[in-house]
Amino acid sequence: MNRPLIVLSLPYGNIDEYVNKTDLIEIRLDYKKNLSVDDIDNFLKFKDKIIITIRDINEGGIFPIKEETKIRIYKKLYDYGIIYDLEQRFLEKYDLPYENKIVSVHYLNNLPSFNEILEKFKKYNDLFTAKLAVRNIKGYKSILIKFLEVIENATAIPLGANWYERVAFSLLGSKLLYVYDKIQTGEGQPKLEDAMNIMKNIFKQ
């Protein structure tokens, strides 16, 4: 069993103090009002350590961002070789580069069938990870477990469940474990310190 990668999720801002404390850092650009393409330049020196995410409001984002701005940012990130998180719905619409990137689907208000999930992910190969996040509605655990069993390089995230469920799914094979320090950017994220201690005890690292 491989240790999951711990991803510290941070709102847009200074990340210097966290760079050596975790495997990867997710920077949520949707936490910045009036986001522009030039805003990503602040993070280029950490390009091998970061994941850039622009979450749509319909999938849990904070501030609205123009689609043309998102497209320009993704293209710039691709040119720099930075990992970014693409919502599958947005990718389907604009056909952006996705190899070695994250393709994600969020279900905030309903539980999908597994066939629906397969349909969304079937055409995307060579991903850094395929990420599925679902609300803790009855039946969500079996959906996430099946996702881990069937989809290659999968990350499974229960939304609204207790934080230790995220840890549990990471031990079942989920590639990324998203954590927080001061501000939770997603429901049920475990604290960075707690997650690191658990992983050190299990994997003796």
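Observations on the model:
- Residue in the range 1-19 that is within 19 Å of the chain's Cα centre (by Cα), among the charged types (D, E, K, R) and open to solvent by less than 50 Å² (accessible area, probe 1.4 Å) present: no
- Exactly one residue out of Asn109, Asn34 is modelled with pLDDT under 95, assigned to a loop (DSSP other than H, G, I, E, B) and at positive phi, and it is Asn34.
- When residues of the range 144-190 are limited to those that are open to solvent by 20 Å² or more (accessible area, probe 1.4 Å) and aliphatic (A, V, I, L, M), the one nearest to Lys49 (Cα to Cα): Ile183
- Filter result for Asn58 (of a type in the set (S, T, N, Q), without any contact (Cβ under 8 Å) to a residue 60 or more places away in the chain, open to solvent by 50 Å² or more (accessible area, probe 1.4 Å) and part of a helix (DSSP H, G or I)): yes
- Selection from the range 36-78 of residues that are more than 18 Å from Ser9 (Cβ to Cβ) and hydroxyl-bearing (Ser, Thr, Tyr): Ser36, Thr69, Tyr74, Tyr78
- Looking at Asp85, Asp41, just one residue is of a type in the set (D, E, K, R) and under 13 Å from the mean Cα position of the chain (by Cα), and that residue is Asp85.
- Subset of the range 61-96 (residues that are of a type in the set (A, V, I, L, M, F, W, C) and open to solvent by less than 50 Å² (accessible area, probe 1.4 Å)): Ile65, Ile71, Ile73, Leu77, Ile82, Ile83, Leu86, Phe90, Leu91, Leu96
Okay, residues lined up against (1) assigned to a strand (DSSP E or B); (2) touching a helix residue (DSSP H, G or I) at 6+ places or on another chain (Cβ under 8 Å); (3) touching a residue at least 60 places away in the same chain (Cβ under 8 Å); (4) not β-branched (Val, Ile, Thr):
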residue	(1), (2), (3), (4)
Leu148	no, yes, no, yes
Ala156	yes, yes, no, yes
Tyr164	no, no, no, yes
Phe169	no, yes, no, yes
Ser174	no, yes, yes, yes
Val179	yes, yes, yes, no
Ile183	no, no, yes, no
Ala195	no, yes, yes, yes
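- Glu99 vs. criteria over 20 Å from Gly186 (Cα atoms), open to solvent by 20 Å² or more (accessible area, probe 1.4 Å), modelled with pLDDT of 95 or more and not in a loop (DSSP other than H, G, I, E, B): no
- Of the residues making up the range 102-131, those that are open to solvent by 80 Å² or more (accessible area, probe 1.4 Å) and under 21 Å from Gly160 (Cβ atoms) number 1.
- Residue that is surrounded by the most Cβ atoms within 10 Å (Cβ to Cβ), among those in the range 20-31 that are touching a residue at least 24 places away in the same chain (Cβ under 8 Å) and part of a loop (DSSP other than H, G, I, E, B): Thr22
The values are calculated or read from the model by the stated rules, or taken from the named source; none is laboratory data. Bear in mind that the values here come from a model prediction, so they are computed numbers and not experimental data. With ideal geometry, Cβ positions are generated from the backbone for all residues, glycine too; neighbour counts draw on all protein chains shown. Just so you know, the surface numbers come from the protein's heavy atoms only, side chains and all, with ligands and any DNA or RNA stripped out. Shrake-Rupley method; radii C 1.70, N 1.55, O 1.52, S 1.80 Å.
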